[in-house]
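One structure is given here, and the rest of the page talks about it.
The values are calculated or read from the model by the stated rules, or taken from the named source; none is laboratory data. Remember, predicted model here, so these are calculated numbers, not experimental data. Heads up, the Cβs are rebuilt from the backbone with ideal geometry, glycines too, and the neighbour counts pull from every protein chain shown. Heavy atoms of the whole protein, side chains included, go into the accessibility calculation; ligands, DNA and RNA do not. Shrake-Rupley method; radii C 1.70, N 1.55, O 1.52, S 1.80 Å.
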Amino acid sequence: MLIRQRSSSEPLGSELTSETVYQQRRDLLKAAGLFGAAAFFSPRSYAVTPPYELVKERASAPKFLREKIMARRRSVNSTGEVVTPFDVVSTYNNFYEFGLDKADPAELAGSLRMEPWSVRVEGECAKPGNYTLEDILRPHVLEDRVYRFRCVEAWSMVVPWLGFSLADLIRRLEPSSKAKYIEFTTLNDPVQMPGQRHGGLSWPYVEALRMDEAMNPLVLMATGVYGRSLPPQNGAPLRLIVPWKYGFKSVKSIVHIRFTESQPRTTWAMTGPSEYGFFANVNPAVDHPRWTQRRERRLPGTIFNPNWRDTLPFNGYAHEVASLYRGMDLARYF
Ligand code: MTE
């Protein structure tokens, strides 16, 4: 029998979540189960090359969303790297509201009701209120954006998201001069989200950006992937994508946006402050206390080829974003 050896730099299952979450859910994570079947895909997956194949829209997607997607600005793969196949992007997920296992969201997120969907906007801005998803999307032209996506757990993908720049939405909402941060909150509904019934993280899931970060044109409000609307497991119908930060900043299924003067208390920074910082910039020079961040496994990999590669500062987007952090000690503000 073949037994896979763990290299010294490779995270254990127990290292992939905060200690608290791991302790509370260890029966779910059973004996390094996180590195089980779901983590490895057959070499056939490598057949997908740029630009990438589009995926069929789900029949139930709202008409206005389908029309917006059809009318989007199209682009090819801007990273020039092999795009991760849709079957990996949509089955290897972190969405703890639907369980801790990577396969849980694809299996359980079908219970998420995406219509009607609205987002409450409040705080330091001139245009607070309740916006339907259609209100939010109406003035924006959607576009394809192929981004590298790096998880704090040291795996990565290249994903063809689609959406529009958060900066354009922020301008519409007219933040006041007091707005220093923008906070995003995921739906809190234990009936629809079984993972919320059992504790684990403190719900709802909250993430935030400093305003200058949020205004960077790379930050995407994503409504789709692979030329179709987001599957629920990927954070439908509206999620954030911040490509130079670890994946946990990219909050899913957003129902609440708030402009604040002080730094919001964000879920992972509260859960494990010594492990998950507010900034969460991808930084190979600053290791997670329990594993290295110097390298990442690019999915899909196989048991014979885990596909390790070096992690790039700011996930390869330094040219666009490093100036946001000029003068900051990034080991302290990690
Ligand atoms: N958002 C919510 N609401 N709940 C989560 O558990 N997980 C985060 C982020 N956004 C998470 C979330 C983490 S850790 C990652 S790596 C990405 O979503 C995963 O996004 P994906 O499943 O679309 O790849």
Anything in the stretch 229-279 that is without any contact (Cβ under 8 Å) to a residue 24 or more places away in the chain and either within 15 Å of Val152 (Cβ to Cβ) or outside any loop (DSSP other than H, G, I, E, B) (or both)? List them, or say none. Arg239, Ala269, Pro273, Ser274
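Each row is one residue, and each column tells you yes or no for (1) polar (S, T, N, Q); (2) near the ligand (Cβ under 9 Å from one of its atoms); (3) touching a Leu at 6+ places or on another chain (Cβ under 7 Å); (4) more than 19 Å from Pro237 (Cα to Cα).
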{"residue": "Pro85", "(1), (2), (3), (4)": "no, no, no, yes"}
{"residue": "Tyr96", "(1), (2), (3), (4)": "no, yes, yes, no"}
{"residue": "Glu107", "(1), (2), (3), (4)": "no, no, no, no"}
{"residue": "Ser111", "(1), (2), (3), (4)": "yes, no, no, no"}
{"residue": "Glu115", "(1), (2), (3), (4)": "no, no, no, no"}
{"residue": "Arg120", "(1), (2), (3), (4)": "no, no, no, no"}
{"residue": "Ala126", "(1), (2), (3), (4)": "no, no, no, yes"}
{"residue": "Leu133", "(1), (2), (3), (4)": "no, no, yes, no"}
Listed by first then second residue, the pairs whose first member lies in the stretch 196-216 and is more than 15 Å from Pro243 (Cα to Cα) and part of a helix (DSSP H, G or I), whose partner is open to solvent by 20 Å² or more (accessible area, probe 1.4 Å) and within 15 Å of the ligand (Cβ to nearest atom), with beta carbons under 7 Å and at least 6 positions apart or on separate chains, are Gln196/Asn188; Gln196/Pro190; Gln196/Trp203; Arg197/Pro190
Can you name the residue in the stretch 262-271 that is open to solvent by 10 Å² or more (accessible area, probe 1.4 Å) and touching a Ser or Thr at 6+ places or on another chain (Cβ under 9 Å) and, of all such residues, is farthest from the ligand (Cβ to nearest atom)? Met270
So Phe184 clears everything in (1) open to solvent by less than 30 Å² (accessible area, probe 1.4 Å); (2) among the aromatic types (Phe, Trp, Tyr); (3) touching a helix residue (DSSP H, G or I) at 6+ places or on another chain (Cβ under 9 Å) except one condition, right? Which one? (3)
Tell me whether the stretch 178-185 contains one or more residues that are closer than 26 Å to Gly277 by Cα, within 9 Å of the ligand (Cβ to nearest atom) and part of a helix (DSSP H, G or I). no
Determine which single condition Phe259 fails, assuming it passes every other condition in (1) more than 16 Å from the ligand (Cβ to nearest atom); (2) open to solvent by 10 Å² or more (accessible area, probe 1.4 Å); (3) of a type in the set (A, V, I, L, M, F, W, C). (2)
Kindly check whether there is at least one residue in the stretch 305-326 that is of a type in the set (Gly, Ala, Ser), buried (at least 17 other Cβ atoms within 10 Å of the Cβ), within 13 Å of the ligand (Cβ to nearest atom) and modelled with pLDDT of 95 or more. no
Can you tell me which residue is surrounded by the most Cβ atoms within 10 Å (Cβ to Cβ) among those in the stretch 280-296 that are in contact (Cβ under 8 Å) with a residue 24 or more places away in the chain, within 15 Å of Glu153 (Cβ to Cβ) and in contact with a Lys or Arg (Cβ under 8 Å, 6 or more places away or on another chain)? Val282
Of the conditions (1) in a helix (DSSP H, G or I); (2) open to solvent by less than 40 Å² (accessible area, probe 1.4 Å); (3) farther than 24 Å from Thr186 by Cβ, Glu97 clears all except one; give me its number. (3)
In the stretch 139-166, what count of residues is obtained for those that are open to solvent by less than 30 Å² (accessible area, probe 1.4 Å), more than 16 Å from the ligand (Cβ to nearest atom) and outside any strand (DSSP E or B)? 2
Output yes when any residue across the stretch 64-75 is touching a residue at least 60 places away in the same chain (Cβ under 8 Å), surrounded by fewer than 15 Cβ atoms within 10 Å (Cβ to Cβ) and in a helix (DSSP H, G or I), and no when none is. yes
Those residues that are part of a loop (DSSP other than H, G, I, E, B) and either modelled with pLDDT under 95 or in contact with an Asp or Glu (Cβ under 8 Å, 6 or more places away or on another chain) (or both), I need them from the stretch 124-138; list them, please. Glu124, Ala126, Lys127, Pro128
